[in-house]
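Worksheet: one structure, shown below.
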Amino acid sequence: MIAPEVVTGAFVCLMAVFVALCVLIAGIRGARGYRNRRRERIAAPVRPLLLELLCADEAEQGWPLLRLAEMDRRTWKALEPTLAEMLGKVSGTARSGLVRLYELRGATENAVCELGSLRANRRGRAAQVLGRLGHRPAVPELCRLLADHDPEVRLSAARALGRVGDARAVPYLLESLRGSRAVPPGTVTRALTLLGPEALRGIAAGLEHSEPLARAVSIEVLGATGAVSRTTEIARALRDDPHTEVRIKAARALGRLGMPDGLEPLMEAVRPGHPVGLRIVAAGALGSLGALAATGPLGRLLGDPDPHVAATAARALLRLGLAGEDTLRAAADDPAGGPAAAHARAALAEASVGSRLDVRVEVAL
Amino acid sequence: MARVLIADDDADIRDLVAFKLLQSGHEVTAVEDGMAALRALREQPPDLALLDIRMPGMSGLDVCRELRAAPETATLPVIMITARSQEGDVEVGFAAGADDYIIKPFSPRELSSRVNAVLNRVER
């Protein structure tokens, strides 16, 4: 039996910890609020100048630009977070005015120097600012930070490289997918997608990468950016890659690209004997492709022993138009149809109530 | 000169849009959420409303639907503001009755031109 004094003592201790935590949270919030208000107060006199710069034509930006560039260190420090935020909110002459302000003030060069700071938050913040500025000379340094020991810095560097949009970053971004200091694939995919057409050659070279994840990410980016000229390479990956995840990405990309070259490898990939995940995605991709030649193979899949493959094939048939619907009706009306008839009827019922079920099955890597 | 209402929870955007429209000679009322926008709209109906789609509490879409449901504001021109990452909102915005949309990041000059274009269209 526990003595009442012990219970009371424990309760008092718990209450003390709770109160201390509340005070700490309130203190942190209060300090943050005070800091923000102080920053706003210091920046308030120059805020109209900033708005003038953002709203001016290029020819009229000179005066507010010079006045802002001359502000004292304390005011700059208070205004700079707003400037960095604004870089992501405005475009056109407003954005170019901000970029010129950073350059005139020497803040761009400072940010480049800060990439080598000993403090991780400074390196991350500098990467963020340089990314928003689209500062191409910083690309080699940002690539180096992809292997930083701090995960937040690695993320900031990858995002910044995407924003800068320099094709030189492609091999580094793909390489950053492996090892103990890897960057999450979603971040690398987004960064590569932002790089633009000049990076396509490098991304396509990623199909030969020794790391399966790098190949999968390359294929996903090629599919997402509509790189139709790379259909042959992606079709080859679907046929020959030893890793199922890479083949699944290839099947989905071929469906997205919608090129006729994708038809044959996708029809091969839905056949029994391939991994179920791949067959499901390939069946959905055949629906996205919209080729009438896929009607027969998809119709045969209605009776597949795997219910997911059969259901995806039924929905894919709906996307093939009248020919697909005819195939579904024939299967639905077959008295000895069994599960195939059931899948066909389910798909037709979904279509009749106007539900737009997406046939693409997301199989995450 | 027209009366324009801006509803955006982002103070930077609110100030920037207000500054640009004041420069263009419009009269501007700026509020930070959907409820305040509805109140302002009922108190003194503007000639045009600029609504951020994503706002805490009542969204710009909800405000737009309310405007279209009330006879006195059913034809009020509405421009929606949305972020590039939320472009799917554009379709929903039009369905809710918006006349135009602006995607962030935007150029203040382009925003001013769009506001004037919508106002001119309504005048005609």
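The values are calculated or read from the model by the stated rules, or taken from the named source; none is laboratory data. Everything numeric in this text was worked out from a predicted model, so none of it was measured. As a convention, Cβ positions derive from the backbone with ideal geometry for all residues, glycine included, and neighbour counts pool all protein chains shown. SASA here: full protein model, heavy atoms, side chains in, ligands and nucleic acids out. Shrake-Rupley method; radii C 1.70, N 1.55, O 1.52, S 1.80 Å.
Picking from residues in the range B:1-29 that are within 14 Å of another protein chain (Cβ to nearest Cβ) and of a type in the set (S, T, N, Q), the one that is least open to solvent (accessible area, probe 1.4 Å) is B:Ser24.
Out of the residues in the range A:23-40 that are more than 11 Å from chain B (Cβ to nearest Cβ) and touching a helix residue (DSSP H, G or I) at 6+ places or on another chain (Cβ under 8 Å), state the one that is farthest from A:Met86 (Cα to Cα). Here the answer is A:Arg38.
Residue count for the range A:73-106 satisfying the condition of being facing chain B (nearest Cβ under 8 Å), in a helix (DSSP H, G or I) and within 27 Å of the chain's Cα centre (by Cα): 5. Restricting attention to the range B:101-118, the residues being within 10 Å of another protein chain (Cβ to nearest Cβ) and assigned to a helix (DSSP H, G or I) number 5. Going through (1) open to solvent by less than 30 Å² (accessible area, probe 1.4 Å); (2) touching a residue at least 40 places away in the same chain (Cβ under 8 Å) one by one, A:Ala250 falls short only on (2). In this structure, is A:Asp241 farther than 23 Å from A:Leu207 by Cα, open to solvent by less than 30 Å² (accessible area, probe 1.4 Å), out of contact with any Phe, Trp or Tyr (no Cβ under 6 Å at 6 or more places or on another chain) and of a type in the set (Asp, Glu)? Spelling it out, it is not the case that A:Asp241 is farther than 23 Å from A:Leu207 by Cα, open to solvent by less than 30 Å² (accessible area, probe 1.4 Å), out of contact with any Phe, Trp or Tyr (no Cβ under 6 Å at 6 or more places or on another chain) and of a type in the set (Asp, Glu). Applying the condition of being open to solvent by 20 Å² or more (accessible area, probe 1.4 Å) and touching a residue at least 24 places away in the same chain (Cβ under 8 Å) to the range A:122-139 and asking which residue is nearest to A:Met86 (Cα to Cα) yields A:Arg132.
Could you tell me whether B:Arg121 is open to solvent by 50 Å² or more (accessible area, probe 1.4 Å) and in a helix (DSSP H, G or I)? Answer is yes for this residue. Checked against the criterion of being closer than 16 Å to A:Pro185 by Cα and modelled with pLDDT of 95 or more, the candidates A:Leu195, A:Leu213 yield just one match: A:Leu213. Residues in the range B:35-48: is at least one open to solvent by less than 20 Å² (accessible area, probe 1.4 Å), under 13 Å from the mean Cα position of the chain (by Cα), away from chain A (no Cβ under 14 Å) and over 22 Å from B:Leu16 (Cβ atoms)? Yes, the conditions are met somewhere in the range B:35-48. The residue that is nearest to B:Leu119 (Cα to Cα), counting only those in the range B:49-61 that are without any contact (Cβ under 8 Å) to a residue 40 or more places away in the chain and buried (at least 16 other Cβ atoms within 10 Å of the Cβ), is B:Leu61. In the range A:309-335, the residue that is nearest to A:Gly255 (Cα to Cα) out of those that are surrounded by fewer than 24 Cβ atoms within 10 Å (Cβ to Cβ) and basic (Lys, Arg) is A:Arg319.
Of the residues making up the range A:46-70, those that are within 14 Å of chain B (Cβ to nearest Cβ) and exposed (fewer than 13 other Cβ atoms within 10 Å of the Cβ) are A:Pro48, A:Asp57, A:Glu58, A:Ala59.
Pairs meeting the criteria (first residue in the range A:336-349 and surrounded by 17 or more Cβ atoms within 10 Å (Cβ to Cβ), second residue assigned to a loop (DSSP other than H, G, I, E, B) and not basic (Lys, Arg), beta carbons under 7 Å, at least 6 apart or on different chains) are A:Ala340/A:Leu302; A:Ala340/A:Gly303; A:Ala341/A:Asp334; A:His343/A:Leu302; A:Ala344/A:Leu302. When residues in the range A:92-119 are screened for being open to solvent by 30 Å² or more (accessible area, probe 1.4 Å) and either over 14 Å from A:Leu65 (Cα atoms) or out of contact with any Pro (no Cβ under 9 Å at 6 or more places or on another chain) (or both), 14 of them pass. On inspection, B:Ala96 fails the criterion of being at the interface with another protein chain (Cβ under 10 Å from one of its Cβ atoms) and touching a residue at least 24 places away in the same chain (Cβ under 8 Å).
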